[in-house]
Structure formats: C-alpha cells, structure tokens
Amino acid sequence: MKILVIGSGGREHALVWKIAQSKLVDKIFCVPGNAGITKIAECIDIKAEDIPRLLDFARREKIDLTVVGPEVPLSLGIVDEFLRYNLKIFGPNKSAARMEGSKIFSKELMAKYNVPTADFKFFDDLGEAKEYINKIGAPCVIKADGLAAGKGVVVAKSVEEAIAAAESMLKDKIFGEAGRRIIVEECLQGEEASILVFTDSKSVVPFASAQDYKRVFNNDQGPNTGGMGAYSPAPVVTEGLFKEILEKVIYRTIDGLAKEGIEYKGVLYAGIMVTKDGPKTLEFNVRFGDPETEAILPRLKSDLVEVMLALSEGKLSRLGALEWDPRTCVCVVCASGGYPGNYEKDKVISGLEDVERMEDINVFHAGTKARIINDPGQRQEVEYFTNGGRVLGITGLGKTIKDAIDNTYQAVGKISFQGMHYRKDIGRGGCHE
Ligand code: AMP
Ligand code: GLY
C-alpha cells in the first residue's frame, strides 16, 4: 500500500515511524515532512493546507490511505474532498471537525448531551463579556472560539487580565475571525490528562492515556506552548477513571454527535481535568495530540495501519482492543531559545547519532532541516539544523516511570544546539520514587 501522511511535526514523524512498521505498507509519502521524516518517507513540498494540490497528488500517486496530522486541513474539509474522489482518508469530515474548529460548537454539544465540562457563556459583545467577567470574578478562562494555533486560551488570574484578554480578542481582533466570539468559563483545578480514542461513530477503540506538559518551564511555570513533553500511561488515569471518562465524556459525545446527524470518524482527543468532582472536559481535538503521540506510539504493539483502514471502512468493531507495551514512555521536547516567543533558526544540532544508537530511545524530529556537508566525491554526511520552535522530541521507554525518565534524560543530555531548552520534570508528577 501507498500511504500519505500530512504534516511536519514530531507527531507526524512518530506516525510515519509507526506506519513504516506495518506489513501492509510499501511506500510512505509525507507532506511537507521534516528532516527526520526524510529518512523513512519521501517528503514532498506541498503545504498541509493546500487541499487542491494534496488531492492532485493523492490521485496521481494512487495513494491507498491518507493520514491527516494537523487540525487545519481537517477543519477546511480535506476529508470531504478526498471522499468525493473515493480516496481513503483517516480523519473526521468538516462538520465533525467543528469539535475542535469551534469551541462554542463543542461546548454547546457538551451542554446538550450532559458531558461534564466547565460552566461557560459565550459572547460577541465586549460590554456583555466584561459584565459577566466582573460578575464571576477571577480566576476564569477566556477562549477564542476558532482555531488560534494553540494560543487562543488565557487562564486569567485576575479580572483585569481576563478583561484584557477579552479586549484583545473582541476589540483588537488578534485572532481575526477566530476571536469574533469568545467563551468565558469557570477555571477548573486538578491534574490534566489526554484521552484519545479511535472511533468510526459506531465503535470506540481507546488509545493509552497520556499527560502533556503545556507550560514552558519546570513546575508548570511560564506561558503555554504547543507541549513541552508528555508521558504515557498517565498514572492519574486509573482504570476506574478511564472507564468513567469513556462513559461520561467519549460515548456521550459520539452519541450526541450522531444524534445531531454527524458521523465522527477518526481520532477523538479529549483534554480532561481530573477535578475533585470527577473528570471534566477542557476541550476536544479532532486529531492525534502532539507530543502525546510521540509518547504513546512507541508503546503500541498493534498495526496502526490495520486500525486506520478498519476505521475508515467503518469496520472498527471487527478489531479487538489494541495491544500495548506495559512499559512507560516519556517524551521530552527540545525547544529553540525564546520559544514559545520569538526564536532563531538555523542552529546546528549535535549529538543525534549518539542518541539514535541508544536502546529504547526514539528521536522524533519536529522543526529540523538537513544539509549535506561533504565535498562532492566524498562520503556524504548530513548535518541537522533547527527550523522551528519545537525542534526534537526525545522519547525513551522504561520498566518503571523512573527508568523511563532516566533513560530519556540521559539521551537529552547528549543533544545540544545553541539556545536549546527543555523541561527537566517531564514524568515527575507520576514518579514518587
Ligand atoms: P484548551 O486548548 O481548551 O485545552 O486549553 C489549553 C489549556 O488551558 C488546557 O490544557 C488547560 O491547561 C487550560 N485550560 C483550558 N480550559 C480551562 C479551564 N476551564 N480551567 C482551567 N484551565 C483550563
Ligand atoms: N498536546 C496538545 C495538543 O496536541 O493539542
């Protein structure tokens, strides 16, 4: 089979790496990909949002299955377009992708179908939003309705901060149309977990649990990022809690969508806050998480392509549960100096070869590019450079959480580039040794 993976991050490197292990696969393309992905797939320079060119490419190459990494092409309706030409594609259609593309859509669905979530109201009028913020007080959370590249959520500690966030979205329009409407919601306290499931709308096959570290600095300090690390499984998600989340969040949501006439096919990702009153839903994503995927896939023993094929054919019920490596996997993201603010690119990355030789370690590239450095005629050598905010996801397996942490950080210690920074506490919340 020929597979096309869309995207360019650590998540897509992990997907391509896992897909390459399937017996069903002969050839993998990735658009646009990155320097790490080039080693296992043919990378083609098409933008992930350029649906007409992606469609042309898939038709010309007779792609058997397309796997979509990021949310933007899903929200733009790539699945609907591919299906019109009878091309198999893994992911929800445009209507179902509103679960991530419009936070108001997803909150209203949760309210209607009794899915536990934070209390909320939504506004397009600044005066009314301010009045409500003053009424509920701080802390509270301000969210842009639409996609804002992970920057559309402000957890405000004071009323002033909340009002400033509402003004920046509704008046200054920092997110454009995505911030034309905002949500003001109750601030939840607790530990977060990511629950991902495969669903074809009729059946659900759960993925392993994971926990993502969103803040840039140790001990959850500093601004939010795309994710500075993750580990799987997340000990906060006990077996009982997992069942409760499936019942109260996942099944109710998928059934609710079905009742609204929306067939959800793909990965459904619920961001959960485990509060003292039980699990509450922070958000839904309509795709694999990044960096959760980098921490989950090294533990998956089943053939991912088989699952995706069954799902896109609506035959998920024929598959049993997924098979997992019982070990823990930790992923530490190495980021560029300055990230999540402005950062420089083009810094030479050293230590990669050393780390790639280590046992139970995987290096997933995110923002990297490669250059051939030797003179013509000599053995070619490749040098890697930074090309983004999140540069590498170093993942390591271990029998215990402590082993996984030690293994991963030993590898991270061998990597360097100018300005590199990373969190030192990934997995620590779950490690009480
Ligand atoms: P979201 O994109 O909605 O998941 O929000 C990003 C991050 O903001 C979440 O992972 C949480 O850390 C935080 N967050 C979102 N909603 C809330 C809430 N209601 N209470 C507390 N923190 C929240
Ligand atoms: N790790 C958070 C996300 O993928 O949205």
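The values are calculated or read from the model by the stated rules, or taken from the named source; none is laboratory data. All values derive from a computational prediction rather than experimental measurement. Quick reminder, even Gly has a Cβ in these numbers, built from the backbone with ideal geometry, and neighbours come from all protein chains shown. These accessible areas exclude ligands, DNA and RNA; they are computed on the full protein's heavy atoms, side chains included. Shrake-Rupley method; radii C 1.70, N 1.55, O 1.52, S 1.80 Å.
Remark: segment 298-433 carries a charge dipole of roughly 360 debye about the Cα centre, counting +1 on each Lys and Arg Cβ and -1 on each Asp and Glu Cβ. Here the extension length gained between Lys173 and Lys39 equals 44.1 nm, from 0.36 nm per residue of separation less the Cα-Cα distance.
The label point for Glu353 and the one for Asn134, both projected 7 Å from the Cα toward the Cβ, are 6.6 nm apart. What is the dipole size for segment 279-342, taken about its Cα centre, with +1 at each Lys and Arg Cβ and -1 at each Asp and Glu Cβ, in debye to the nearest 20? Using only the charged Cβ atoms, the result is roughly 160 debye. Counting only protein heavy atoms and using a 1.4 Å probe, the accessible area of Ile28 comes to about 10 Å². When the charge dipole of segment 249-367 is built from unit charges on Cβ atoms (+1 for Lys and Arg, -1 for Asp and Glu) and taken about the Cα centre, the candidate among Ile272, Gly367, Val305 whose Cα reaches farthest toward its positive end is Ile272. Computed from the alpha carbon positions, the gyration tensor of the chain leads to an equivalent ellipsoid with semi-axes of 32, 26, 23 Å, biggest first.
Gain on full extension, evaluated as 0.36 nm per residue between Asp119 and Ala258 minus their Cα-Cα distance, stands at 47.7 nm. Placing unit charges on the Cβ atoms of the charged side chains and taking the dipole of segment 122-203 about its Cα centre, the candidate lying farthest along the positive direction among Tyr132, Phe198, Phe122 is Phe198. Projecting the Cα atoms of Ile254, Ala230, Gln189 onto the charge dipole of segment 119-265 (Cβ charges, centred on the Cα centre) puts Ala230 farthest toward the positive pole. When only Cα pairs below 8 angstrom with a gap of at least 6 residues are kept, the chain shows a relative contact order of 16 percent. Packing around the peptides 290-299, 315-324, taken as the average count of other Cβ atoms within 10 Å per residue, puts them in this order, highest first: 290-299, 315-324. Under 5 Å between amide hydrogens, built in the peptide plane, is the criterion, and for Cys43 it picks out Cys30 among residues at least 5 positions away or on other chains. Each Cα pair under 8 Å and six or more residues apart adds its sequence gap; the mean of these over the residue count of segment 185-321 is a relative contact order of 32 percent. For the listed residue pairs Lys27/Lys88; Lys112/Lys143; Lys103/Lys173; Lys345/Lys402; Lys214/Lys248, the alpha carbons are over 23 angstrom apart in Lys345/Lys402; Lys214/Lys248. Of the beta bridges DSSP finds with both residues in the chain, what % are antiparallel, to the nearest 5? If we restrict to bridges inside the chain, about 80 percent are antiparallel. Exactly which chymotrypsin sites (Phe, Trp or Tyr not before Pro) in segment 20-88 are in a DSSP loop and have at most 13 other Cβ atoms within 10 Å? Here the sparse-neighbourhood loop sites are Tyr85.
Over segment 168-215, Cα pairs under 8 Å with separation of 6+ residues give a relative contact order of 24 percent. Calculated [222 nm] ellipticity per residue, helices only, for the chain: -7500 deg cm²/dmol; basis is -39500 (n - 2.57) per DSSP H run with n ≥ 4, divided by all residues, nearest 500. The gain in end-to-end length when the Ala164 to Met1 segment is fully stretched comes to 53.5 nm, 0.36 nm per residue minus the alpha carbon separation. So for segment 25-69, what percent of the C-alpha to C-alpha distances run longer than 11 Å? Looking at segment 25-69, the distances longer than 11 Å represent 66 percent of pairs. Here the chain is assigned +1 on the Cβ of each Lys and Arg and -1 on the Cβ of each Asp and Glu. Its dipole about the Cα centre then comes out at about 460 debye. A convex hull fitted to the Cα coordinates of segment 280-398 yields 186 cubic angstrom per residue. Ignoring aspartates and glutamates fewer than eight residues from Lys399 along the same chain, the ones with Cα atoms less than 16 angstrom from its Cα are Asp325, Glu359, Asp360, Glu433.
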